[in-house]
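See structure below.
The values are calculated or read from the model by the stated rules, or taken from the named source; none is laboratory data. This structure is a prediction, so every number in the text was calculated from the model and none was measured. Don't worry about glycine lacking a Cβ; one is built from the backbone with ideal geometry, like all the others, and counts go over all protein chains shown. Accessible surface is based on the protein model in full, side chains and every heavy atom, while ligands, DNA and RNA are left aside. Shrake-Rupley method; radii C 1.70, N 1.55, O 1.52, S 1.80 Å.
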Amino acid sequence: MTLIGVVAVVLALGVASRVLADRLRIPSVLFLILAGVAIGPEGVGLVSRATFGEGLPVMVGVSVAIILFEGGYHLRLEKLRESPTALLRLTTVGAAITWLGTAAAVVAFLDTSLEVGLLVGALLIATGPTVIGPILQVVTVRDHVAAVLEGEGVLNDVTAAILVVVVFEVLIAGDGGPMRLLGEFGGRLAIGLGVGAAVAGAVWLFLSRGNLSPGTAPLHARLVVLAGIVVAYGGAELLASETGIAAAAMAGFALGNVDLPHHEDVVDFLDDLSVVVLSFIFVALAALIDFGDIATLGVAGIAVVVAITLVLRPAVIYLATTGERFTRDERLFLSAVGPRGIIPASVATLFAVELQALGQPQEAQLLAGTVFLIIFATVVLQAGLAGRIATHLGVSPMRTIIIGGGRVGLSLAERLERDGENVLVVDEDPDAVERSRERGLRALEGDGTDAGVLKRAGIDEAKNVIAATPDDDANLLACQLARTSFDVETVASRVNQPDNVEAFESLGVRAIDLSMATAWSLENVLERPSLSAWMNELGRTGDVQEIEVTATDLVGKTIAQLNAEIPDGCLVGLVTHGDGTTEVPTGDHVLRDGDRVTFIGRTEAVDRAVKRFHPHD
């Protein structure tokens, strides 16, 4: 088959894999790597190392530059503020531990030289947006968890791409020491970042002051950005090899954090371009996997996989997140999700050839086999099971947007955060936004009655929108947008003037009359003091949760029969039927399909009951 025919088949398989992944809600990288294996030497033999000839490194390099540019473009400063300390630890000390720990495992289990171990370790620092992006498209996690995964992917890809070249040139092909290694690494990183920043500045100036024709400006913006990616990558590579990745990532990050004209057009273009490029390059590189190289590793190769995924990754995550806002389950999720992607695959192929040229065929086979084994194992197991892992650990809450960062909004946000919700506060007052962040909440500065601001807040993926400002007009407009323009499932609002309740309810908004809510709370303090005190402690010692019963094996059973399924310290307080009627159930009550159950009891017991009765969405 001609090269054009091969490219067409690879692209078709890539796009088909993406469509299938979207249908099944499974990260696309799993299908991409399987498609690549199917058409490679281990499958039908359509693609081999000779198919693309000497042009493969160039195609891979430019493709990776595009993907990392897009990853950097979406890496907003406000996102990095979610967990800056954890991300800093993960990409510095954590990267060093991963590098040296992987090298130690490779040397110990595969009986090779320290230099080759350090080369493999440098490659496997990278996770990357090529694998993390598809996972986060189908697995919803709280923003600070996503920020760490995305930031790690972009930053550690840059580190790995430069470090592996420096290790090879200084320690394997040369005879340098640690100081030269650090100097070469710092110099190349500076070149890449400097070129990327310069290109970003030039692109911004051209689009901001280029007086583009309004009719063709969006198209020109896309072309200029594409040219910027290629120039950043190629320009840095001319100065020093393997610095183009850093340049592309830096250019994307810089442009993504300025007010770039035609931003929405650029985002759409990058999203479409990265889908095509990712599909092509992942399938093409997966086709180069040689299971013979992997098989020669034997049990020792499995031991390396275990050391990296079950020892090093959890240790690095524990170190990075200690003292931060991550729950135990979120730390477990981060420990379980660290698949390797394009950078290790592409660079391993290149340096296996370089090692062959140096007369080290066994080391070349070990390098390729180890790296592709780790990629295959982590993509299949970690990426493929990411959704199930997130569901099992309960780290996939839908987003709740609270408009208004005053006392009511912040108090509600903190309570919902304690309940494990994924909360974002929106307020146009910079001081209110800063107060929210000081209290550990995610906040966005902007007008909550502006559709553009709500889209930036992620309202398309939000389950709940709550208006909590002291202005009923603003609350009503925000609720109307959420209900009619974005079709949010649950919309609620604080209503400051009782006469306005009817206007909110006419839109299908759950209106909370502030005066009635205050009166009800005061009545509870006087008439039901113990209940009032206990309710104030919700989320700490006790909890109340209402969920729909989705565990099909429990439907049709009585409450008495379900006693064994309900943890000690938890009771079924109410059952609401599909017709809206609510009752306090007896032991003879039979659960029906569509019933909603209210659990009351100790926090941990209620949490276990919710997971048993509502195991999936």
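One table, with the values for the structure above:
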quantity	calculated
Checklist (1) closer than 25 Å to residue 268 by Cα; (2) aliphatic (A, V, I, L, M); (3) open to solvent by 10 Å² or more (accessible area, probe 1.4 Å) applied to residue 221, failing item	(3)
Strands (runs of 3 or more DSSP E) lying entirely in the range 495-596 (those with 1 or more residues that are under 20 Å from residue 466 (Cα atoms) and not basic (Lys, Arg))	510-513, 542-548
Helices (runs of 4 or more DSSP H) completely within the range 54-165 that count 3 or more residues being open to solvent by less than 10 Å² (accessible area, probe 1.4 Å) and closer than 22 Å to residue 185 by Cα	56-73, 93-110, 114-123
Residue 180 part of a helix (DSSP H, G or I), at negative phi, under 27 Å from the mean Cα position of the chain (by Cα) and surrounded by fewer than 21 Cβ atoms within 10 Å (Cβ to Cβ)	no
Residues of the range 240-265 satisfying the condition of being surrounded by fewer than 23 Cβ atoms within 10 Å (Cβ to Cβ), of a type outside the set (S, T, N, Q) and closer than 30 Å to residue 215 by Cα	254, 258, 259, 260, 261, 262, 263, 264, 265
Residues located in the range 185-227, provided they are in a loop (DSSP other than H, G, I, E, B) and either touching a residue at least 60 places away in the same chain (Cβ under 8 Å) or of a type in the set (Gly, Ala, Ser) (or both)	210, 213, 215
Selection status of residue 101, free of Cβ contacts under 8 Å to residues at least 24 places away in the same chain and touching a helix residue (DSSP H, G or I) at 6+ places or on another chain (Cβ under 6 Å)	no
Any hit, the range 305-328, residues being part of a helix (DSSP H, G or I) and under 30 Å from residue 224 (Cα atoms)	no
Within the range 491-538, tally of residues that are among the acidic types (Asp, Glu) and touching a residue at least 24 places away in the same chain (Cβ under 8 Å)	0
Hits in the range 273-292 (condition: among the β-branched types (Val, Ile, Thr), open to solvent by 10 Å² or more (accessible area, probe 1.4 Å) and modelled with pLDDT under 80)	275
Among (1) outside any helix (DSSP H, G or I); (2) at pLDDT 85 or above; (3) surrounded by fewer than 21 Cβ atoms within 10 Å (Cβ to Cβ), the one test that residue 338 misses	(3)
Matching entry among 379, 395 (being within 30 Å of residue 300 (Cβ to Cβ) and under 16 Å from the mean Cα position of the chain (by Cα))	379
Whichever residue in the range 558-609 is hydroxyl-bearing (Ser, Thr, Tyr) and open to solvent by less than 60 Å² (accessible area, probe 1.4 Å) and, among such residues, is farthest from residue 542 (Cα to Cα)	558
Filtered residues of the range 352-364 (kept if hydrophobic (A, V, I, L, M, F, W, C) and surrounded by fewer than 24 Cβ atoms within 10 Å (Cβ to Cβ))	353, 355, 357, 358, 364
Extreme residue, most open to solvent (accessible area, probe 1.4 Å), among residues of the range 18-47 that are aliphatic (A, V, I, L, M) and free of Cβ contacts under 8 Å to residues at least 40 places away in the same chain	44
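Here is a yes/no grid of residues against (1) modelled with pLDDT under 85; (2) open to solvent by 10 Å² or more (accessible area, probe 1.4 Å); (3) in the same structural domain as residue 494 (by the TED database):
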{"site": "366", "(1), (2), (3)": "no, yes, no"}
{"site": "370", "(1), (2), (3)": "no, no, no"}
{"site": "374", "(1), (2), (3)": "no, no, no"}
{"site": "377", "(1), (2), (3)": "no, yes, no"}
{"site": "380", "(1), (2), (3)": "yes, yes, no"}
{"site": "387", "(1), (2), (3)": "yes, yes, no"}
{"site": "407", "(1), (2), (3)": "no, yes, yes"}
{"site": "411", "(1), (2), (3)": "no, yes, yes"}
{"site": "414", "(1), (2), (3)": "no, yes, yes"}
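Conditions (1) within 24 Å of residue 14 (Cα to Cα); (2) in contact (Cβ under 8 Å) with a residue 24 or more places away in the chain; (3) within 21 Å of the chain's Cα centre (by Cα); (4) assigned to a helix (DSSP H, G or I), marked per residue:
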position: 229; (1), (2), (3), (4): yes, yes, no, yes
position: 261; (1), (2), (3), (4): no, yes, no, no
position: 271; (1), (2), (3), (4): yes, yes, yes, yes
position: 277; (1), (2), (3), (4): yes, yes, yes, yes
position: 284; (1), (2), (3), (4): yes, yes, no, yes
